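Data block below; observations after.
Laboratory data are not the source of any read-out in this text; all were calculated from the coordinates shown. Source: prediction; values computed, not measured. When we count neighbours, we look across all protein chains shown, and the Cβ atoms used for this are built from the backbone with ideal geometry, even at glycine.
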Amino acid sequence: IVEKYAMDKAKEKLSGLGFSNFKDTSRQECYDYTCERGGNLYYVEVKGTQGPGASLILTKNEVEHGQKHQHRSIAVVVHDVNVGAEGGSSHASGGTSRVCLPWIIESAALEPIQYKWTVSACPALPAT
């Protein structure tokens, strides 16, 4: 609910900044939208959170793509989103949008918090 709401808010915010021709790529790519302004194509990563948005989780692919295309990448953080329930369904409201353009991902601002472990490297227990 928060992510869908953030996607809509990001599109609205960027439209107000002169971006157009939005294409939702969130199901196929590591970024959420492409859009255009001034004849240039931009990649948009949207992050929605109920918290203050001071730090967010990024995937390896999001970081790599953002760094590779940093001058054509935009991050939109929609923070302090409220989630409530009415009539048996949840809805989101409020929130503040912050646009990072260009989206410069500095290595010093990244902190590794997960690792992939290959389980086949685990020795078998000896038979008893």
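Extension gain for the segment residue 36 to residue 12, taken as residue separation times 0.36 nm less the Cα-Cα distance, is 7.3 nm to one decimal.
With each label modelled as a point 7 angstrom along the Cα→C-beta vector, the residue 100-residue 118 pair spans 3.2 nm. Within the chain, what's the longest run with no trypsin sites (Lys or Arg not before Pro) in a DSSP loop and at most 10 other beta-carbon atoms within 10 Å? Give the range, please. Formally, the longest exposed-site-free interval is 28-115.
Considering only 113, 74, 57, the Gaussian network model of the chain with Cα springs below 10 Å gives its largest mean-square fluctuation to 113.
Sequentially through segment 40-54, phi angles give Karplus couplings (6.51, -1.76, 1.60; θ = phi - 60°) of 10, 8, 10, 9, 10, 10, 10, 10, x, 8, 7, x, x, x, 6 Hz, Gly and Pro residues having no value and appearing as x. Among 92, 75, 54, determine the one that fluctuates most according to a GNM of the chain built with springs between C-alpha atoms less than 10 Å apart. Sorting by GNM fluctuation, first place goes to 54. Taking 106, 29, 62 in turn, the Gaussian network model of the chain (Cα-Cα springs below 10 Å) assigns the largest fluctuation to 106. With R₀ set to 25 Å, the beta-carbon distance separating residue 82 from residue 23 gives a calculated FRET efficiency near 0.30.
Here is how the number arises for the chain: DSSP H runs of 4 or more residues each give -39500 (n - 2.57), the sum is divided by the residue count, and the result at 222 nm is -6000 deg cm²/dmol. Between segment 77-113 and segment 1-61, the alpha-carbon centres lie 10 Å apart.
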